[in-house]
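Only one structure is covered here, and it is reproduced in the block below.
The values are calculated or read from the model by the stated rules, or taken from the named source; none is laboratory data. What you see is a predicted model, and the numbers here were worked out from it, not measured in a lab. Backbone-built Cβ (ideal geometry, glycine too); neighbour counts: all protein chains shown. Keep in mind that these areas ignore ligands, DNA and RNA; they rest on the heavy atoms of the full protein, side chains included. Shrake-Rupley method; radii C 1.70, N 1.55, O 1.52, S 1.80 Å.
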Amino acid sequence: MIELKDTSLKDTTFLVTGVAGFIGSHLLERLLSLGQRVVGVDNFSTGFQSNLERVKQLTGERYSNFTFIEGDVADGECLERACKGVNVILHQAALGSVKRSVEDPIKSNYNNVDGTLQVFDTARRMGVSRVVYASSSSVYGDSAASPKREEDTGRVLSPYAATKAFGEVYARLFFDLYGLETVGLRYFNVFGPRQNPEGDYAAVIPRWIDSVLKGVPCVIYGDGKTSRDFCFIDNVVNANLRAACCPKDSCGTAYNIAVGDETSLNELHSMIVKLAGVGGEPRYEPFRSGDVRHSRADVSLASKSLGYEPDIRIEEGLRRTIAAMRS
């Protein structure tokens with residue numbers, strides 16, 4: 001776990017957008033545990049009050065260092081209130097899911113492009129020194145390169161991927177044009193406790209763990225050979241803290257945040273069944289449109305420029321996630 005002495009983040013006030021979401025609530029928990037002051041914004045479109053209540057239980061008296069503002073990141077007035085006295089923004093708010101973006105590209109664009117542009121513009125007007133923002137491995141699109149290096153982006157395959165690519169374009173522009181220190185983190189299939197297992201847009205790991213524990217067959221789209229670089233949430237939190245205090249000459253760039261491993265869906269299902277101690281065979285259905293076939297990251301640039309190291313591999317992450325979902 002990263003400590004304050006490792007990051008030079010003393011006397012820093014953070015704004016976490018999407019603070020009631022999966023990643024946002026874990027960032028809040030870690031920052032409060034490190035004694036930081038945190039402002040959080042969320043409109044509860046995908047976040048949950050229960051996530052904030054859980055952080056309150058885990059952080060005790062330190063929760064008093066947290067100020068919550070209910071609102072939308074695309075709302076300039078809301079963001080101006082949130083940015084007062086803030087030094088660093090950790091921008092996590094977004095409407096996720098490739099499938100959802102295919103069904104409603106306008107809504108994805110509003111949340112992910114308009115919202116991100118508003119964050120950058122409000123930050124530069126309010127004197128915020130740095131914005132660390134969530135990008136996605138989806139920007140690699142149809143690139144056949146493996147592992148994926150930051151320069152290997154291809155033609156995007158979904159509206160969601162397009163929104164994340166536009167976010168990176170704006171981030172570089174604001175760095176070059178206005179001097180706003182921006183750092184992008186291209187997340188690869190993040191998972192862990194507090195990730196929502198329910199609904200049509202749930203990520204595969206929490207959905208499958210929930211199904212296995214309930215004795216319901218897991219659905220695999222395609223032949224199960226599709227592979228991903230699954231990254232446990234603690235690695236992502238560490239990456240955000242590293243990005244918040246990296247040298248200025250590391251800004252203006254987006255970095256892969258993953259483990260550097262490749263796990264097929266068939267292998268993932270077998271691991272979950274084994275670790276949960278429950279039997280069961282998956283059910284196979286046709287491939288989904290917009291899904292990338294294979295995705296594995298090269299994290300050497302993030303290691304060199306941010307000091308990022310993925311400490312927790314997939315099996316340990318699954319073990320912790322299963323334990324949390326059972327409790």
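From 327, 289, which residue is among the hydroxyl-bearing types (Ser, Thr, Tyr), open to solvent by 20 Å² or more (accessible area, probe 1.4 Å) and free of Cβ contacts under 8 Å to residues at least 40 places away in the same chain? Write out each step before concluding.
Values: 289 fails: free of Cβ contacts under 8 Å to residues at least 40 places away in the same chain.
Of 327, 289, the one residue that is among the hydroxyl-bearing types (Ser, Thr, Tyr), open to solvent by 20 Å² or more (accessible area, probe 1.4 Å) and free of Cβ contacts under 8 Å to residues at least 40 places away in the same chain is 327.
Quick check on the range 262-270. Is at least one of its residues aliphatic (A, V, I, L, M), closer than 14 Å to residue 211 by Cβ and open to solvent by less than 70 Å² (accessible area, probe 1.4 Å)? Yes - at least one qualifying residue is present in the range 262-270. The C-beta contact set for the range 232-255 (first residue farther than 16 Å from residue 129 by Cβ and modelled with pLDDT of 95 or more, second residue open to solvent by less than 10 Å² (accessible area, probe 1.4 Å) and assigned to a helix (DSSP H, G or I), distance under 6 angstrom, 6+ apart or interchain) comprises 232/317; 237/27; 255/302. Of all residues in the range 151-169, those satisfying the criterion of being surrounded by fewer than 19 Cβ atoms within 10 Å (Cβ to Cβ) and closer than 13 Å to residue 113 by Cβ are 166, 169.
When only residues in the range 297-309 that are in contact with an Asp or Glu (Cβ under 7 Å, 6 or more places away or on another chain) and surrounded by fewer than 22 Cβ atoms within 10 Å (Cβ to Cβ) count, which is nearest to residue 151 (Cα to Cα)?
Just the residues of the range 297-309 that are in contact with an Asp or Glu (Cβ under 7 Å, 6 or more places away or on another chain), to begin with: 297, 301, 303.
Now drop any that are not surrounded by fewer than 22 Cβ atoms within 10 Å (Cβ to Cβ), which leaves 301, 303.
Working: 301: 11, 303: 16 Å.
The extreme case among them is 301.
Here's the yes/no breakdown for (1) farther than 13 Å from residue 17 by Cα; (2) buried (at least 18 other Cβ atoms within 10 Å of the Cβ); (3) among the hydrophobic types (A, V, I, L, M, F, W, C):
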position	(1), (2), (3)
31	yes, yes, yes
39	no, yes, yes
43	no, yes, no
56	yes, no, no
67	no, no, no
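The single residue among 150, 168 that is part of a loop (DSSP other than H, G, I, E, B), within 23 Å of residue 236 (Cα to Cα) and at pLDDT 95 or above turns out to be 150.
With respect to residue 86, determine if the residue is in a loop (DSSP other than H, G, I, E, B) and more than 20 Å from residue 190 (Cβ to Cβ).
Numbers: in a loop (DSSP other than H, G, I, E, B): yes; more than 20 Å from residue 190 (Cβ to Cβ): yes.
For residue 86, the condition - in a loop (DSSP other than H, G, I, E, B) and more than 20 Å from residue 190 (Cβ to Cβ) - is met.
For residue 67, the conditions (1) in contact with a helix residue (DSSP H, G or I) (Cβ under 6 Å, 6 or more places away or on another chain); (2) polar (S, T, N, Q); (3) not in a helix (DSSP H, G or I) are fulfilled apart from (1).
Checked against (1) of a type in the set (D, E, K, R); (2) farther than 25 Å from residue 171 by Cα; (3) within 19 Å of the chain's Cα centre (by Cα), residue 281 passes all but condition (3). When we screen 194, 186 for residues that are open to solvent by 10 Å² or more (accessible area, probe 1.4 Å), out of contact with any Cys (no Cβ under 9 Å at 6 or more places or on another chain), basic (Lys, Arg) and assigned to a loop (DSSP other than H, G, I, E, B), the only hit is 194. Candidates 71, 40, 96: the one that is more than 12 Å from residue 25 (Cα to Cα) and under 19 Å from the mean Cα position of the chain (by Cα) is 96.
For residue 146, the stated conditions do not hold, so it cannot be described as within 17 Å of residue 251 (Cα to Cα) and either buried (at least 21 other Cβ atoms within 10 Å of the Cβ) or not aromatic (Phe, Trp, Tyr) (or both). Scanning the range 32-52 for residues that are in contact (Cβ under 8 Å) with a residue 40 or more places away in the chain and in a helix (DSSP H, G or I) turns up just one, 51.
Right, residue 98: at pLDDT 95 or above and over 18 Å from residue 233 (Cα atoms) or not?
no
When the residues of the range 89-124 are filtered to those that are assigned to a helix (DSSP H, G or I) and acidic (Asp, Glu), the one that is most open to solvent (accessible area, probe 1.4 Å) is 103.
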